[in-house]
Amino acid sequence: MKLLTMLFSLALASLAAAPLPVGGYRILKEIPLGGHGRGDYLTLDESARHLYVSHETEVDVVNADSYAKIGRIPAQGAHGIAVADKWNHGFSTNGEANTVTMFDLKTLKVLRHIPAGKGPDGIIYDPATRRIFAFNGDGDSATAIDAATGNVAGTVDLGGGPEFAAADGRGYVFNNLEDKSELVKIDARKLKADAHWPLAPCQRPSSMAMDRPNRRIFIGCRSHVMAVVNADNGHVVTTLPIGDHVDATSFDPTTRLIFNSNGDGTLTVFHQDDPDHYSHVETIKTLPFAKTSALDLKTNRLFLSTEVGGKFTLLVVGK
């Protein structure tokens, strides 16, 4: 027993002594996509290497390696995009039409428009139930959709205004309730809210990413902090300072880096030293209103969108 204790202590000491990843992220490219105004969510289909960039009346589709624009999907108030590769189906929310567009991932052809609640915004795919969850920002609900057929499976009453979400792969989906400053745990099979957890001192939670193996949820909050939450009991493990108007959080399970993109033109990067301890790596200057982002795990680069010189523009951030 003493030997095991000593070995465990040595392992912890070694982990604590390990050097943090070196920073050095910067804007590598600015790619005009055409049009005006600001976008919302970005989603990367890793297998197809397609980057989906929502932009008001359309979703731009960009090759993630060459950065060439390869297509577009019409939208009415474009917000979020989710990908279900198994069925070759993509889904995007139309906040103005109260619908979800289902499209073919290969041809980008629109297959159908699916009725949702009021103001669908964030959207994710849950692999455990093979369902798409569209979060209705003005309807205080989530619409569950069968990813294979596009049929509506049901509606979940959330009891507050939802923002972004994450699935744990075990049949539960977590979502930020921005107006309540709560995290809601959803049973994705039974289509009901299982728990509501307060996130104080986090206020107005917006973005979310998850470390599934370690059961940690990373939540970007408009009160200038990122909250780390235990997914099993809702306990706020710690909070760390970030920039203003965060709207996307990403986690790299290989480097253990967490990225928060902020509307004030910064990208805040933390390192997960262990599930309950985190270190600030760097704060990167991007551009104003570049608050949404998507992480490319293949290249360790991030994509952000904003308006540059009056033109809607894709930013590539890396080393």
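The values are calculated or read from the model by the stated rules, or taken from the named source; none is laboratory data. Keep in mind the model is a prediction, meaning the values are calculated, not measured. Please note: Cβ atoms are built from the backbone with ideal geometry, for glycine as well, and neighbour counts cover all protein chains shown. Protein only, heavy atoms only, side chains kept; ligands, DNA and RNA dropped before computing areas. Shrake-Rupley method; radii C 1.70, N 1.55, O 1.52, S 1.80 Å.
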task: Please find, among PHE259, PHE270, the residue that is at pLDDT 95 or above and within 15 Å of the chain's Cα centre (by Cα).
output: PHE259
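Just need a number here: residues in the stretch 148-178 that are small (Gly, Ala, Ser), closer than 20 Å to ASN98 by Cβ and in contact with a Lys or Arg (Cβ under 8 Å, 6 or more places away or on another chain).
Kept after step one, since they are small (Gly, Ala, Ser), are these residues of the stretch 148-178: 148, 150, 153-154, 159-161, 165-167, 169, 171.
This time we only want the ones that are closer than 20 Å to ASN98 by Cβ, so: 150, 153-154, 159-161, 165.
Imposing the further condition that a residue be in contact with a Lys or Arg (Cβ under 8 Å, 6 or more places away or on another chain) reduces the set to 150, 153, 159-161.
Matching residues across the stretch 148-178 total 5.
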- request: Tell me, please, whether a residue that is surrounded by 22 or more Cβ atoms within 10 Å (Cβ to Cβ), among the aromatic types (Phe, Trp, Tyr) and not in a loop (DSSP other than H, G, I, E, B) can be found in the stretch 46-65.
  value: yes
query: Among ALA144, ALA116, ALA148, ALA134, which is in contact with a helix residue (DSSP H, G or I) (Cβ under 9 Å, 6 or more places away or on another chain) and in contact (Cβ under 8 Å) with a residue 24 or more places away in the chain?
result: ALA148
field: All positions within the stretch 162-180 that are open to solvent by 10 Å² or more (accessible area, probe 1.4 Å), more than 13 Å from the chain's Cα centre (by Cα) and within 22 Å of GLN203 (Cβ to Cβ)
entry: GLU178, ASP179, LYS180
- request: Could you list all residues from the stretch 137-161 that are surrounded by 21 or more Cβ atoms within 10 Å (Cβ to Cβ) and among the polar types (S, T, N, Q)?
  value: SER141, THR143
Residues within the stretch 130-139 that are in contact with a Gly (Cβ under 6 Å, 6 or more places away or on another chain) and either in a strand (DSSP E or B) or among the polar types (S, T, N, Q) (or both), tallied: 2
statement: Of the residues in the stretch 140-173, those that are under 18 Å from HIS113 (Cα atoms) and in contact with a Gly (Cβ under 6 Å, 6 or more places away or on another chain) come to THR143, ALA144
field: Given (1) more than 18 Å from the chain's Cα centre (by Cα); (2) aliphatic (A, V, I, L, M); (3) crowded, with 19+ Cβ neighbours inside 10 Å, index of the condition ALA134 fails
entry: (1)
- prompt: What tally of residues in the stretch 277-298 results from selecting those that are of a type outside the set (Phe, Trp, Tyr), open to solvent by 30 Å² or more (accessible area, probe 1.4 Å) and within 25 Å of HIS79 (Cα to Cα)?
  reply: 6
- request: Could you please give the count of residues in the stretch 160-201 that are closer than 20 Å to ARG212 by Cα, among the charged types (D, E, K, R), in contact with a strand residue (DSSP E or B) (Cβ under 8 Å, 6 or more places away or on another chain) and not in a strand (DSSP E or B)?
  value: 1
query: Do you know which of the residues in the stretch 66-103 that are part of a strand (DSSP E or B) and of a type in the set (Ser, Thr, Tyr) is surrounded by the most Cβ atoms within 10 Å (Cβ to Cβ)?
result: THR93
